[in-house]
2 protein chains.
Amino acid sequence: MRDVGIIGIGQTPVAEHWGRSIRDLAVEAVQAARQDAGVERVDAVYVGNMLSGELAGQENLATLVADAAGLLPVEALKIEAACASGGAALRAAYLAVASGAHDYVLAVGVEKMTDLLTDGVTAALATAADADYEAGHGISFVALNALLMRRYMHEHKARHEEFAPFSVNSHRNAARNPCAMYRHEITAEDFMASPIVSDPINILDSAGICDGAAAILVAPGSEARRARRPPVRIAASTCATDTVGLAERKDPLVWQAVADSARLAYAQAKVAPRDIDLFEVHDAFTIVSVLSLEACGFADRGSALKLAAEGRIAREGDIPICTLGGLKGRGHPVGASGAYQLVETVLQLRGEAGEAQVKGARVGMAQSVGGSGSVAVTHILTV
Amino acid sequence: MRDVGIIGIGQTPVAEHWGRSIRDLAVEAVQAARQDAGVERVDAVYVGNMLSGELAGQENLATLVADAAGLLPVEALKIEAACASGGAALRAAYLAVASGAHDYVLAVGVEKMTDLLTDGVTAALATAADADYEAGHGISFVALNALLMRRYMHEHKARHEEFAPFSVNSHRNAARNPCAMYRHEITAEDFMASPIVSDPINILDSAGICDGAAAILVAPGSEARRARRPPVRIAASTCATDTVGLAERKDPLVWQAVADSARLAYAQAKVAPRDIDLFEVHDAFTIVSVLSLEACGFADRGSALKLAAEGRIAREGDIPICTLGGLKGRGHPVGASGAYQLVETVLQLRGEAGEAQVKGARVGMAQSVGGSGSVAVTHILTV
């Protein structure tokens, strides 16, 4: 396998982009990544997206993006893995370059969610669950996560306020990210005063519905080392799966796909959790951060809340997470989020994260999760 | 790049499977491919599908299939390129094995279209067109192809009955394929008596709405040569794109993505059109066969109808197409069709096509097209 590096990144601000279409957003991110790299040539584009069919009436999305960005006649395919689609697009790009089939490949994550009312978006998001055995009975995606959170609180005798530090940390970091949607800090009191969405999950446990696109341009390692921007190496790229239905799992509080994907990534990159300088965790809900930190070996079972309480997840801590706001603070345009995580990890490793910079970051992990932990795509990037 | 071979194939009959779900169909094809190969191990599964979100309320489809087929915790991603999704799934599998990341990878194509009434399916199929500039104005997918056919008839002074041999050929071959949906022969008179769908396209110009799944198990060439089934080599795997909107093309009768994808495939496989023993063409409508044969170098511009009239596309001709019925005769479960084409090409190259066998077939080409020629995935297989 050829070594693969990241030579360019681009992103749009995450927002409610009512005046812009899904293609506008994707093109902006694509052109930003090409400009960042100073490279015109693109051999293929893989577009990570979950809901363009349901929300924009648009399949054939990758060709549409290639067309709108002036990239024809490149190879173009859409990659879907629910909310892990953005990370999965980089996975596809990585394989295409590692194989030797292509040299310059774009991974794009894009989602446009705000053209529908919330009810429509809630129904669309439920397609990440099992249509026949979960969503068909009326349970929403947030409700599935609420079941997990309630179970966690019961099993570990945890109180809701113990989840506050995750949301506080995400907002604190988002305030320092010009592309974030929620650029205001919050307090633990704000968190507890926040209205319930699906008991026990409240508004500030939850990442918001929004629009955005992010793009990553990859090339063979030899090219990346000659690139004009500081080279970032893809040291690991992995994907693993678990049952889609929560009821099918032996223990719903063990996120096995997340654990497997991380384990494979550590092995490929030859690192251990203690070597990770920052972790872009998939904090769609605070409970997802908790379960992911435990599955990835950063905390023992039942102890991730303590990690947060002790400030260890902060920018200055030993395992900074959501360093530019995460899904909660930056916003969660679902199929794009994994690509944003990767762009943010690159910014940190290049030392370009501004006020949100994690000092001395050299090894970053970004993990994109789809469904209620049913599919996980993990990348470890190094400088 | 590592050499990649096909070691197992599986398919369900194409039909209106009212009693079976999308996961049932996919699992049947997956298990048939594993059984055919005599191999238990699967490292990754890439699922080609276009409309599971719109028609089954199911995204996260690849994980669902991996789960239902007992393949957890394998890598699982859905690949979408409109009606080219089935071919695109093999493209992804090919890259994963060529790169060295995986050894045993399944490409699955699956679509379940008959749970909705035709109006709903027509709307869903229009998502392959440009949502803002084409479908948004009410044009259906068949109507876009009707515009192409009318233009072709005008430019080349062609009569509708000249398209009949394509449909007659597909039905003749389908009658010899136990997995085909329309296993009855038709005559040119039947063709002309068929009701118009979107002038000038009639029912027998058009592939039907249906359900099905097909799967291909690939492995490194060294493994394939040791496999228990006759080894089939993937000599070329390519993808190219054109504008999504028909109005954006300089000449809508030149299918540039199809031409580019074929040209790249010939170069990779080191063959010319005259070396191709059979061509599984994407005959969603008869006009698609015509434009594809011309774009791929089997006929000069305006002369593909003559190729058909002379019987050269028949099983006994010099460029047999749709040898097991094609999309028209076997049926066109859209995201699955590309995978069916590949399964059928393998059957021909193995000499296992029964009454539909093309004698002495050693080089087969399968081409999966999405949108109105906006994306094309081409594979050349050899024995």
>> Quick check on B:Arg301: is it assigned to a loop (DSSP other than H, G, I, E, B), open to solvent by 20 Å² or more (accessible area, probe 1.4 Å), assigned by TED's automatic domain parsing to the domain that holds B:Gly86 and farther than 24 Å from B:Tyr133 by Cα?
In response: no
> How many of the residues making up the stretch A:92-118 are away from chain B (no Cβ under 12 Å), under 15 Å from A:Gly5 (Cα atoms) and assigned to a loop (DSSP other than H, G, I, E, B)?
Replying inline: 2
>> Among the residues in the stretch A:36-46, are any under 29 Å from A:Val121 (Cβ atoms), more than 7 Å from chain B (Cβ to nearest Cβ) and among the hydrophobic types (A, V, I, L, M, F, W, C)?
In response: yes
> Any idea which of (1) surrounded by fewer than 21 Cβ atoms within 10 Å (Cβ to Cβ); (2) under 16 Å from the mean Cα position of the chain (by Cα); (3) of a type in the set (Ser, Thr, Tyr) is the one B:Ser237 doesn't satisfy?
Replying inline: (1)
> Does at least one position in the stretch B:146-162 carry a residue that is surrounded by fewer than 18 Cβ atoms within 10 Å (Cβ to Cβ) and either within 28 Å of B:Arg20 (Cα to Cα) or among the hydroxyl-bearing types (Ser, Thr, Tyr) (or both)?
Replying inline: no
>> Would you confirm whether or not the stretch B:279-298 contains a residue that is at pLDDT 95 or above and surrounded by fewer than 17 Cβ atoms within 10 Å (Cβ to Cβ)?
In response: yes
>> For the stretch B:205-221, which positions are in contact with a Pro (Cβ under 9 Å, 6 or more places away or on another chain) and open to solvent by 10 Å² or more (accessible area, probe 1.4 Å)?
In response: B:Ile209
>> Among (1) modelled with pLDDT under 95; (2) open to solvent by 30 Å² or more (accessible area, probe 1.4 Å), there is one condition B:Ala224 misses while meeting the rest; what is its number?
In response: (2)
>> With the structure loaded, tell me whether B:Ser368 is assigned to a loop (DSSP other than H, G, I, E, B), in contact (Cβ under 8 Å) with a residue 60 or more places away in the chain and not aliphatic (A, V, I, L, M) or whether it fails that test.
In response: no
> Quick one: which of A:His171, A:His160 is within 12 Å of A:Cys322 (Cβ to Cβ) and modelled with pLDDT of 95 or more?
Replying inline: A:His171
>> It is to be established whether one or more residues within the stretch A:371-379 are more than 14 Å from every other protein chain (Cβ to nearest Cβ) and either within 30 Å of A:Ala56 (Cα to Cα) or in a loop (DSSP other than H, G, I, E, B) (or both).
In response: no
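Being open to solvent by 10 Å² or more (accessible area, probe 1.4 Å) and modelled with pLDDT of 95 or more narrows it down to one of A:Leu90, A:Leu61, A:Leu77, A:Leu72, so name that one.
Numbers: A:Leu90 fails: open to solvent by 10 Å² or more (accessible area, probe 1.4 Å); A:Leu61 fails: open to solvent by 10 Å² or more (accessible area, probe 1.4 Å); A:Leu77 fails: open to solvent by 10 Å² or more (accessible area, probe 1.4 Å).
None of the other options fit; the residue is A:Leu72.
Let me confirm something: among B:Arg159, B:Arg183, B:Arg172, B:Arg176, which residue is closer than 30 Å to B:Asp251 by Cβ and either out of contact with any strand residue (DSSP E or B) (no Cβ under 9 Å at 6 or more places or on another chain) or not basic (Lys, Arg) (or both)?
The conditions single out B:Arg159.
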> What residue, of A:Ala265, A:Ala299, A:Ala269, A:Ala376, is in contact (Cβ under 8 Å) with a residue 12 or more places away in the chain and touching a helix residue (DSSP H, G or I) at 6+ places or on another chain (Cβ under 8 Å)?
Replying inline: A:Ala376
> Of the residues that sit in the stretch B:3-22 and are open to solvent by 50 Å² or more (accessible area, probe 1.4 Å) and closer than 18 Å to B:Ile216 by Cα, which one is nearest to the other protein chains (Cβ to nearest Cβ)?
Replying inline: B:Asp3
>> Yes or no: the stretch A:169-187 includes at least one residue that is touching a Ser or Thr at 6+ places or on another chain (Cβ under 9 Å), open to solvent by 20 Å² or more (accessible area, probe 1.4 Å) and assigned to a helix (DSSP H, G or I).
In response: no
> Of the residues that make up the stretch A:54-65, is at least one in contact with a strand residue (DSSP E or B) (Cβ under 6 Å, 6 or more places away or on another chain) and more than 8 Å from chain B (Cβ to nearest Cβ)?
Replying inline: yes
>> I need a count of the residues in the stretch B:307-348 that are of a type outside the set (Gly, Ala, Ser), more than 17 Å from B:Leu90 (Cα to Cα) and part of a helix (DSSP H, G or I).
In response: 5
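Just to confirm my filter: which strands (runs of 3 or more DSSP E) fall fully inside the stretch B:199-289 and include at least 3 residues that are within 14 Å of chain A (Cβ to nearest Cβ) and touching a strand residue (DSSP E or B) at 6+ places or on another chain (Cβ under 8 Å)? If you could, list the steps in order and put the result at the bottom.
On the way: elements: B:211-220, B:232-241, B:278-280.
Correct list: B:232-241.
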> For the stretch A:81-91, does any single residue satisfy the condition of being in a strand (DSSP E or B) and without any contact (Cβ under 8 Å) to a residue 40 or more places away in the chain?
Replying inline: no
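The values are calculated or read from the model by the stated rules, or taken from the named source; none is laboratory data. Being a predicted model, the structure only gives us computed values, none of them experimental. For neighbour counting, all protein chains shown are included, and Cβ atoms are generated from backbone atoms with ideal geometry for every residue, glycine included. We work out accessible area using only protein heavy atoms, side chains counted, and drop any ligands, DNA or RNA first. Shrake-Rupley method; radii C 1.70, N 1.55, O 1.52, S 1.80 Å.
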